[in-house]
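A.B. asks: Handing you a structure now.
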Protein chains: 2
Amino acid sequence: MIKQSNEVPEETSSLKGTKGCTLRWLIAEKDGAEHYAMRLFELKPGGLIPVHSHDDTEHEIYIIEGTATLDGDENKITVKKDDVIFVKPGDKHSFINNSDKPFKFICVIPTI
Amino acid sequence: MIKQSNEVPEETSSLKGTKGCTLRWLIAEKDGAEHYAMRLFELKPGGLIPVHSHDDTEHEIYIIEGTATLDGDENKITVKKDDVIFVKPGDKHSFINNSDKPFKFICVIPTI
């Protein structure tokens, strides 16, 4: 299966407190992905994903565009294009886009 | 865990017939990834990953830079930045970089 990421429908996040954030399920269970799903997130300038964690779900994240502030269990740090983040189950994490450009990242999560 | 992708050691592929190809294990079992691993591949201009398949392993691929020709079960097609490819177990696939610029993609595979 091959597709362009911008052809995949854009959805809003259901996480409470999230602002200016959309996601696209690039590869999901409906595509036959049995073990993990690939999603593309976009945070608009001023956008925010508030601090949260998942008890039993990890994230494998690759930043493909822009910069943002990551807050969570570690001190606030700036993350940028081509940075990689492994969020283990239970790790607190958030993103704030304080820049004037979009911030985009791939986030892979388990489907089981 | 946060790191810059270019800080991760670059390795050569062990797949026979591969040319001009390196990979970096961005998030792997040694980092605590129990279910799937994230790798960054780079094919130099003229680089090649020959047609192959994996009986029981899927790939979730996101192209982050450049263009290449994908060959396999489908006809040869050109893939490019921001395209997404889901390679199911058993699907034949290959990449040929006929361009004069690097071709880079994220490839997520199961660790179990």
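A.B. asks: Going through the range B:1-38 one residue at a time, which ones are within 8 Å of chain A (Cβ to nearest Cβ) and touching a Gly at 6+ places or on another chain (Cβ under 7 Å)?
C.D. replies: Of everything in the range B:1-38, nothing turns out to be within 8 Å of chain A (Cβ to nearest Cβ) and touching a Gly at 6+ places or on another chain (Cβ under 7 Å).
A.B. asks: Sticking with this one: Scan the range B:59-68 and give yes if some residue there is of a type in the set (V, I, T), within 12 Å of another protein chain (Cβ to nearest Cβ) and over 21 Å from B:T111 (Cβ atoms), otherwise no.
C.D. replies: Here is the first cut: in the range B:59-68, the ones of a type in the set (V, I, T) are B:61, B:63-64, B:67.
Next, only the ones that are within 12 Å of another protein chain (Cβ to nearest Cβ) stay: B:61, B:63-64.
Filter once more, so that each one left must be over 21 Å from B:T111 (Cβ atoms): B:63-64.
Yes, the range B:59-68 contains at least one residue that is of a type in the set (V, I, T), within 12 Å of another protein chain (Cβ to nearest Cβ) and over 21 Å from B:T111 (Cβ atoms).
A.B. asks: Would you say B:F105 is more than 8 Å from chain A (Cβ to nearest Cβ), of a type outside the set (A, V, I, L, M), under 24 Å from A:E60 (Cα atoms) and out of contact with any Ser or Thr (no Cβ under 9 Å at 6 or more places or on another chain)? Before you say what the answer is, go through the steps one by one.
C.D. replies: On the way: more than 8 Å from chain A (Cβ to nearest Cβ): yes; of a type outside the set (A, V, I, L, M): yes; under 24 Å from A:E60 (Cα atoms): yes; out of contact with any Ser or Thr (no Cβ under 9 Å at 6 or more places or on another chain): yes.
Answer is yes for this residue.
A.B. asks: Still on this structure: Could you please find all residues in the range B:73-90 being acidic (D, E), on the phi < 0 side of the Ramachandran plot and either facing chain A (nearest Cβ under 9 Å) or not in a loop (DSSP other than H, G, I, E, B) (or both)?
C.D. replies: B:E74, B:D83
A.B. asks: Return the residue satisfying two criteria in turn: it lies in the range A:9-29 and is β-branched (V, I, T) and either closer than 17 Å to B:E60 by Cα or in contact (Cβ under 8 Å) with a residue 12 or more places away in the chain (or both), and of such residues it is surrounded by the most Cβ atoms within 10 Å (Cβ to Cβ). Break it down into steps so the answer makes sense when it comes.
C.D. replies: The first filter runs over the range A:9-29 and keeps only residues β-branched (V, I, T), leaving A:12, A:18, A:22, A:27.
Going one step further and asking which of them are either closer than 17 Å to B:E60 by Cα or in contact (Cβ under 8 Å) with a residue 12 or more places away in the chain (or both), we end up with A:18, A:22, A:27.
On the way: A:T18: 19, A:T22: 18, A:I27: 26.
In this case the residue turns out to be A:I27.
A.B. asks: Which one of these does B:Q4 not meet: (1) modelled with pLDDT of 95 or more; (2) buried (at least 19 other Cβ atoms within 10 Å of the Cβ)?
C.D. replies: Just one mismatch for B:Q4, condition (2).
A.B. asks: Regarding B:F41, is this residue of a type in the set (A, V, I, L, M, F, W, C), closer than 26 Å to A:K81 by Cβ and more than 10 Å from chain A (Cβ to nearest Cβ)?
C.D. replies: Details: of a type in the set (A, V, I, L, M, F, W, C): yes; closer than 26 Å to A:K81 by Cβ: yes; more than 10 Å from chain A (Cβ to nearest Cβ): yes.
It is true that B:F41 is of a type in the set (A, V, I, L, M, F, W, C), closer than 26 Å to A:K81 by Cβ and more than 10 Å from chain A (Cβ to nearest Cβ).
A.B. asks: Restricting to the range A:91-112, name every residue that is under 24 Å from A:G46 (Cβ atoms) and in a strand (DSSP E or B).
C.D. replies: A:H93, A:S94, A:F95, A:I96, A:F103, A:K104, A:F105, A:I106, A:C107
A.B. asks: Out of all the residues in the range A:68-91, which are aliphatic (A, V, I, L, M), in contact (Cβ under 8 Å) with a residue 24 or more places away in the chain and more than 18 Å from B:A37 (Cβ to Cβ)?
C.D. replies: Matches in the range A:68-91: A:A68, A:L70.
The values are calculated or read from the model by the stated rules, or taken from the named source; none is laboratory data. Model, not experiment: these values are computed from the prediction. Backbone-built Cβ (ideal geometry, glycine too); neighbour counts: all protein chains shown.
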